[in-house]
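Here is the structure we will look at, set down as structure tokens.
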Amino acid sequence: MNALQALFETQAAGVASPQLTLVLEAYAGYDNGADFNSPELLRPYEAFLRRYGQDVAWSAAGENQQGWRPASPARLNELRDWFGNPKARFHDAGTVRFRGGTRDIAQAPMLSFTAYPRDALPSICCRAALPLTDGHLADVRTLVREFFEGQFPLAAATVGFGLAYDGLSFDQCQIEQYFRYWAFRHPGLVSSGDGSQWKLIRAGGLHDVNWITVLGQPLSDRVGGLAALQRAFEPSGISCEAFGAGGILIQAGEAPELGDTTQGDTVDLYRQVGRVLATLREGIPAENQVVPGMAREPELRAKWANRFFQ
């Protein structure tokens, strides 16, 4: 892992390089009827706190996040307080961000979770960055099920290599200039952005694929279900298994890959997954993908977002 971490050294004097982590990212759509009162809306948040709450050092909560403050029991519980207030839950976004590290250096474990009710399609986006350990890699499917299975209204999720980046700390902002290079050199990286993905979520469909890609039931139905995907990926080193009520978990290889386009490695297994699932990209505004380092370059964001689908 040290060799992989060394790929992300920066030339910014006095600024630490971002930590390479294992990222679980998911989005969901829910309704203000059947799902509105379900504690399962908070499933990823609760799973994160059970496993990593004692390692959280900093938090930034509320819609108008003003930077990192020391974590406290009250701040860790803020999303539960939001859920317990039906008026707030209907009108205000419930959002929290947690991380380890120091005030200026982000380290895993990290969580960004936002439930946004003020829309015709209320939505959730969630990103958890976990320490890159052999244990997490070995138990990854258990982690994914713990975070996103059950009655959580999952649309889709991905798991792969990602960088610890919070977008709030001044020192972190100084390294954003490197992210575009890293993203295109190492296509196996998930986006390091945890900002607003609402335009993508509202469009439906599939945002990305990676080492592990999970489809909720609506997307699973659109590709013909588990048996159809098992046939499509046979034999390729890509496995499929049932996930929750009608969903599918797809794993491309035994371990995540970064790839390296300077060496001609574009992560072919992930491209195979993308080609099979390409119909789920219809209607997706790829230029709206949040990718640090490309804020003013929608064409590059679209190119990056489609890297495994073309």
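When you check ASP221 against the structure, is it farther than 30 Å from GLN151 by Cβ and over 16 Å from the mean Cα position of the chain (by Cα), yes or no? Criteria not met by ASP221.
The residues of the stretch 64-95 that are farther than 21 Å from PHE48 by Cα and of a type in the set (A, V, I, L, M, F, W, C), listed by number, are ALA88, PHE90.
Only one residue in ALA61, ALA26 is at pLDDT 85 or above and among the small types (Gly, Ala, Ser). Which one? On inspection, the qualifying residue turns out to be ALA26.
Counting only helices (runs of 4 or more DSSP H) that sit wholly inside the stretch 103-186, those with at least 3 residues that are at pLDDT 90 or above and of a type outside the set (A, V, I, L, M, F, W, C) are 134-138, 140-148. Being surrounded by 19 or more Cβ atoms within 10 Å (Cβ to Cβ), at pLDDT below 85 and on the phi > 0 side of the Ramachandran plot is the requirement here; does GLY193 meet it? The answer is no for GLY193.
Taking HIS207, is it over 17 Å from ASP104 (Cα atoms) and modelled with pLDDT of 90 or more? Against the criterion (over 17 Å from ASP104 (Cα atoms) and modelled with pLDDT of 90 or more), HIS207 does not qualify.
For (1) surrounded by fewer than 18 Cβ atoms within 10 Å (Cβ to Cβ); (2) closer than 30 Å to GLY253 by Cα, each residue gets a yes or a no:
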| residue | (1), (2) |
| --- | --- |
| SER72 | yes, no |
| ARG97 | no, no |
| TYR116 | no, no |
| LEU137 | yes, yes |
| THR142 | yes, yes |
| ALA155 | no, yes |
| VAL159 | no, yes |
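The values are calculated or read from the model by the stated rules, or taken from the named source; none is laboratory data. Everything numeric here is computed off the predicted structure, so don't read it as measured data. All Cβ positions, glycine included, derive from the backbone under ideal geometry; neighbour counts span all protein chains shown.
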